[in-house]
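Trainee: Let me begin by handing over the structure; questions about it come next.
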Amino acid sequence: MSRKQRITEPGFYHIISRGVERRNVFLDEDDFDRFLTILHLEFKLYEIIVHSFCLMTNHYHLLLEIKQSNISDAMKRVNSLYSIYFN
């Protein structure tokens with residue numbers, strides 16, 4: 001049985017993502033910088049507004065505003081691009 005489809009209506013979203021087994025996903029300043037660069041480029045493409053963010057060593061929080069129902073695609077792309085870089 002598949003999961004219920006996520007609600008992706010325009011509005012504000014608090015996004016959290018944590019490393020597997022709470023492992024670090026940011027090891028140094030270059031990792032933080034690369035993640036922020038990816039966020040900037042992808043959210044510009046998807047027209048997503050970042051109101052606030054907090055990057056910790058093993059997870060991050062984002063407060064986003066979306067105008068279209070594209071948050072799932074955007075976050076999939078951000079996490080994929082960062083994972084490719086990190087690995």
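Trainee: May I ask you to list pairs of residues, at least six apart or on different chains, whose Cβ atoms are under 6 Å apart, with the first in the stretch 38-61 being over 15 Å from H14 (Cβ atoms) and the second being among the basic types (K, R) and modelled with pLDDT of 95 or more?
Mentor: Partner pairs satisfying both residue conditions: E42/R77.
Trainee: For the stretch 29-45, does any single residue satisfy the condition of being surrounded by fewer than 15 Cβ atoms within 10 Å (Cβ to Cβ), of a type outside the set (F, W, Y) and not in a helix (DSSP H, G or I)?
Mentor: no
Trainee: From the list V78, V25, exactly one residue is over 11 Å from the mean Cα position of the chain (by Cα), buried (at least 17 other Cβ atoms within 10 Å of the Cβ) and among the β-branched types (V, I, T). Which is it?
Mentor: V25
The values are calculated or read from the model by the stated rules, or taken from the named source; none is laboratory data. No experiment lies behind these values; they were computed from the predicted model shown. Neighbour counts are summed over all protein chains in view; Cβ atoms, including those assigned to glycine, are modelled from backbone coordinates with ideal geometry.
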